[in-house]
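The structure appears below as structure tokens.
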Amino acid sequence: MLNTKKEPKMIKQGRSTWSAMLLVLLLTSSMIACKSKVSDADLKAKVETVTAASPNVVVGVADGVVTLTGTVASEEEKVSLADAAKKADTKNIKSVVNELMVETAPIETNSDDADLITKVIDATKDYPNVKVDVKDGIITVTGSVEQSRVQPLKMALDALNPKKVDMSALTVN
């Protein structure tokens, strides 16, 4: 025979045991979920500290992903800043997006017509069917040239750093 009076007491004890286990489980998971998370603003401040020597660098942080933008003087500086940003907080920075641009030195144009004429004569000596005029730093090319020689001619004239090389009147054979 079954004792019906003990069953409800056992069920109550089982329920309270399950309730206690559920409460422990919930508390444990909430403690894990509430671990201290560093804010994006705090990460940004850390990264800005390590990039402070480069005033043209802008730091952005979203969901632990650091983005570096702006300009730097060299490829080495670009790589170094990305490494330093990652090391600013290795636990909380998920990744670094390096969008830094390396500045190139400005090319000085040669506007001295007399100097350009001397250099153009030398650059075009192997092109007998090409005529060149230089005025106000602009090289104008006329005459004719074979297709395979157009690019070397253009590169030779561009290397003189004129304001412009105008080859629109050149006939290509």
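List of remarks:
- With θ taken as phi - 60° and the Karplus curve 6.51 cos²θ - 1.76 cosθ + 1.60 applied, the whole-hertz 3J(HN,Hα) list for the range 127-139 is 10, x, 9, 10, 10, 10, 10, 10, 8, 6, x, 10, 9 Hz, x standing for glycine and proline.
- Take every DSSP beta bridge whose two residues both sit in the range 58-173; close to 40 percent of them are antiparallel.
- Karplus-derived 3J(HN,Hα), 6.51/-1.76/1.60, for each residue of the range 164-173, Hz, glycine and proline x: 7, 10, 9, 10, 5, 8, 7, 8, 9, 8
- Model label zone, residue 173; criterion: amide N under 18 Å from point 7 Å along Cα-to-beta-carbon; scope the range 100-131: 124-131
- Full extension of the chain between residue 150 and residue 89 yields a length gain of 16.5 nm, computed as 0.36 nm times the residue separation minus the alpha carbon distance.
- With N counted as the residues of the range 64-173, its alpha-carbon radius of gyration over 2.2 N^0.38 Å works out to 1.74.
- Using heavy atoms of the protein chains and a probe of 1.4 Å, the accessible area assigned to residue 168 is about 100 Å².
- Karplus-derived HN-Hα couplings along the range 55-61 (A = 6.51, B = -1.76, C = 1.60, θ = phi - 60°), whole Hz, x at Gly and Pro: x, 8, 9, 10, 10, x, 9
- Under a 5 Å amide H cut-off, with hydrogens placed 1.01 Å from N, residue 72 pairs with 101, 102, 103 among residues at least 5 apart or on other chains.
The values are calculated or read from the model by the stated rules, or taken from the named source; none is laboratory data. It should be emphasised that the depicted structure is a prediction, and the values quoted were computed from it without experimental measurement. Because the Cβ atoms are built from the backbone with ideal geometry, glycine has one as well, and the counts that use them run over all protein chains shown. These area figures cover heavy atoms from the full protein model, side chains too; ligands, DNA and RNA do not enter into them. Shrake-Rupley method; radii C 1.70, N 1.55, O 1.52, S 1.80 Å.
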